[in-house]
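Structure first, commentary second.
The values are calculated or read from the model by the stated rules, or taken from the named source; none is laboratory data. Since the model is a prediction, treat every value here as computed from it, not as a measurement. Neighbour counts are summed over all protein chains in view; Cβ atoms, including those assigned to glycine, are modelled from backbone coordinates with ideal geometry.
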Amino acid sequence: MPTKLVIIPTYNELENIQKIIAKVFSLIGDFHILVVDDGSPDGTADIVKSLQAKYDGILYIEERKGKLGLGTAYIHGFKWGLARNYNYLFEMDADFSHNPDDLIKLYNACEIDGGDVAIGSRYKTGVNVVNWPMGRVLMSYYASVYVRFITGMPFRDSTAGFKCYKAKVLNKIDLNKIRFKGYAFQIEMKFRAWKLGFDVVEVPIIFTDRLEGTSKMSGGIFKEAFFGVIYLRLASFFKK
């Protein structure tokens, strides 16, 4: 019976996708992978499909038409995994900014230590970011400070995108009502899990900026996050 599904959203990850898939499947622990590709024009999806015979029954792909947003890609993956009875569902980038070896740490934080959601945290033990310019480090760090101040969440890395969820958390969150698609999606998912009373834990990791491919970060994504946390906080006053 499948237990662990790693969801990897992709858009133009030609340089990274084959290597990240091979690395995840080299880990001990029987991880499966679902790639959610948003119509990459560089042939990312074709590479994944060419590998499916080699990784039969453990590598899957869902192809979507056009760039529909990071948040909707993960929600698509969550629903796909829940329908197939996976017990643990992971979010991970394709570009090696998240070290695949740390999937085991996130899993253990839930399965062994009893967490319901495990966050791969860049700021749990200081600032553990490699290859980012100082301006981006400061922006990211103080974005998490801002989110903590506005929402009341206690997490040091509230914007992190490397996570493990127990299936019961995703079944409890109404995924159809998740509002945000970009950077704020990561905040909203943590906020909803936290407000529902689940045990959300932070696991220290080292984040390394991508060496190949192009970042998908934009000013619009930060704007969504800035105003999104205010919306989350205000909306929470009207919900039980």
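General remarks:
- When each of Tyr86, Tyr74 is tested for being within 17 Å of the chain's Cα centre (by Cα), of a type in the set (Ser, Thr, Tyr) and in a loop (DSSP other than H, G, I, E, B), the lone residue that passes is Tyr86.
- Here region 23-39 is the region considered, the condition is being of a type in the set (A, V, I, L, M) and over 14 Å from Asp93 (Cα atoms), and the residue that is surrounded by the fewest Cβ atoms within 10 Å (Cβ to Cβ) is Ile28.
- Among (1) buried (at least 23 other Cβ atoms within 10 Å of the Cβ); (2) modelled with pLDDT of 95 or more; (3) under 19 Å from Val36 (Cβ atoms); (4) not small (Gly, Ala, Ser), the one test that Ile119 misses: (3)
- Given (1) within 23 Å of Gly120 (Cα to Cα); (2) in contact (Cβ under 8 Å) with a residue 60 or more places away in the chain, index of the condition Asn85 fails: (1)
- Pairing residues of region 104-133 that are at positive phi with residues that are modelled with pLDDT of 95 or more and surrounded by 15 or more Cβ atoms within 10 Å (Cβ to Cβ), at Cβ distances under 8 Å and at least 6 apart in sequence or on separate chains, gives Gly114/Asp199.
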